[in-house]
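The structure appears below as structure tokens.
The values are calculated or read from the model by the stated rules, or taken from the named source; none is laboratory data. Here the structure is a predicted model, which means the values were calculated and not measured. Methodologically, a virtual Cβ is constructed for each residue, glycine included, from the backbone with ideal geometry; neighbour enumeration extends over all protein chains shown.
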Amino acid sequence: MPSIQLFMNKHFFPLGHVGAWLLVATCLGGASTAAAQQLTIYGKFDWGSAAIAGGVTSATMAKSSYTNAAILGNLVQGSYRITSATSTANIVPGMELSGTGIPTHAVVVDVTGSTISMSKPVAAASATGVSITAATENATLVTAHANGLGGSLPGFATYVLDSGIHYAFNGPTSVPFPAQANGAADRIYAGNLLINASVDLNKKLQVANILTLTAGKLTIPAGDSLLITSGLAIAGAPFGADKYIVTGADTTSGAEGFLAVNNISGAYLFPVGSADQYLPVTLLPSSNDAFAVGAFEGITGDAQPDGAAFTATAKEKVVDAVWTIVRTCSNTDSCLITLAWPNDLEGNAFSSDDSIGIMAYDTAWMAAAGTGDNTLNTASHRFSQFLAFAVGRRNTTAGRGSVKKPGKGEEGAPKVDKDKKGPVVKLYPNPATGQLFIEHTLQAQPLIVLYDAAGRVVGRQYATAARTIIPIAVLLPGIYTITISDGAHTIMRKFVKQ
């Protein structure tokens, strides 16, 4: 069974057809077949819509590294080796070498002790103590296959995708990542992500640098999330009805998909929407901040996807959509929220009203506040508490419905509290790691129920005091919902587990 290594580093190797693959396999790995028992890819590789087939027991790996290293070594003209090299601890295959006597685009093939083997022979006269630089860029994996990376690498039993790899998807797919990647982990850690066609994510995704959306819709399924840790703006603007990020919403479980961004230092556009409607959000925080944002069509009484829908009469006065905005850091200062929507979602009474604003949901929908432009279809207001928002007429009271908690039917469906001065519930810290503290003014010993992003019950306990501690260390990172109910009131809050 052949073991094949491909070294491309800073220069793309396009795989246009099997013949190209056979040539490279023969040159680098000595293989005479397109079936690899073990395939290791270093650097940049573009499959197009082609594939490299693997054996049933194969493993495929894609390497990346951020390391740069300077070394001293001895060169012999015509040799493929650098001997007596210093500082080789951080040198790995795939790094590109440069220095006097090193041929252009030579890369590291192997490192054994103080000897570095490279892909090209020394081009200059022999010398000792030559200063050489070994550097690498992140691996970049590019595919246009309908079955994503799994389609480009079919037949491999395991896939290891190193943290920080750049990914580019040039064709539509609903399975961009192999299901068994990284031991069937539910999260992929990317460097950059480039989307050039409609893609439905099949795993949670964390992007360390830049997300670029040039065409199509990028869908985050209900219960999943895409996190950008850098705080860099999403590239590919302008966004619109045919190009945006869909945040899924499950009307049965109440689960939502979220686009999350850390390190927001200025006005930040979340180009989100439902499957059919573009519903962008712009946030302008007072200080460096972090938020998770989702949006769905169909305003409900409890601001949840599986909640009781507004009546036809109530919908006349609002935009028929809900925006969920969760602060995912410990800030308590205010943030300016600007929401936008298409004409299709406006109620008849709303569409002709010049006095519109943003409604916030706490234990009920509050009256609309702030400013709005019914010609540009935008509304703005500054908030310091975050959960769910909608847009309505400022001179009317929003409709109310009944609570349908995540995992509906688990605890029944009591009425939403209509008293704006009702019980107070505070969660901290948010985000949390090991413990979550809940302070409340509810009566007796209210029941606390904890739900994951998919609406599944993952914990419950009674609050035996006004301040209760919830252990959450065993929970996976993500966005969770808590309901706390004393029978007369049910209050819902969201928090982030890191």
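A compact table of results
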quantity	calculated
Matching residues, region 118-130, being within 17 Å of Leu72 (Cβ to Cβ) and within 41 Å of the chain's Cα centre (by Cα)	Met118
Complete set of residues in region 262-293 that are in contact (Cβ under 8 Å) with a residue 60 or more places away in the chain and touching a helix residue (DSSP H, G or I) at 6+ places or on another chain (Cβ under 9 Å)	Gln277, Leu279
Test: Ile195 is crowded, with 20+ Cβ neighbours inside 10 Å, under 22 Å from Leu232 (Cα atoms), at pLDDT 90 or above and of a type in the set (Val, Ile, Thr)	yes
Any hit, region 98-114, residues being assigned to a strand (DSSP E or B) and in contact with a Phe, Trp or Tyr (Cβ under 7 Å, 6 or more places away or on another chain)	yes
Which listed residue is touching a strand residue (DSSP E or B) at 6+ places or on another chain (Cβ under 9 Å), small (Gly, Ala, Ser) and closer than 22 Å to Ala390 by Cα, from Ala241, Ala233	Ala241
Qualifying residue in region 142-152 (condition: of a type in the set (A, V, I, L, M, F, W, C), over 19 Å from the mean Cα position of the chain (by Cα) and either in the same structural domain as Asp224 (by TED's automatic domain parsing) or modelled with pLDDT under 90 (or both))	no
Qualifying position, being over 21 Å from Lys44 (Cβ atoms), β-branched (Val, Ile, Thr) and at pLDDT 85 or above, among Thr100, Thr104	Thr100
From Thr363, Thr324, residue being modelled with pLDDT of 90 or more, among the polar types (S, T, N, Q) and closer than 19 Å to Asp302 by Cβ	Thr324
Region 143-165, residues that are of a type in the set (A, V, I, L, M, F, W, C) and outside any helix (DSSP H, G or I)	Ala144, Ala146, Leu153, Phe156, Ala157, Val160, Leu161, Ile165
Filtered residue count, region 154-172, keeping only those that are under 21 Å from Ile228 (Cα atoms) and either out of contact with any strand residue (DSSP E or B) (no Cβ under 7 Å at 6 or more places or on another chain) or surrounded by fewer than 23 Cβ atoms within 10 Å (Cβ to Cβ) (or both)	7
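Conditions tested, residue by residue: (1) farther than 24 Å from Asn147 by Cα; (2) at pLDDT 95 or above.
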position	(1), (2)
Ser225	no, no
Ala235	yes, yes
Gly254	yes, no
Ile264	yes, yes
Leu283	yes, yes
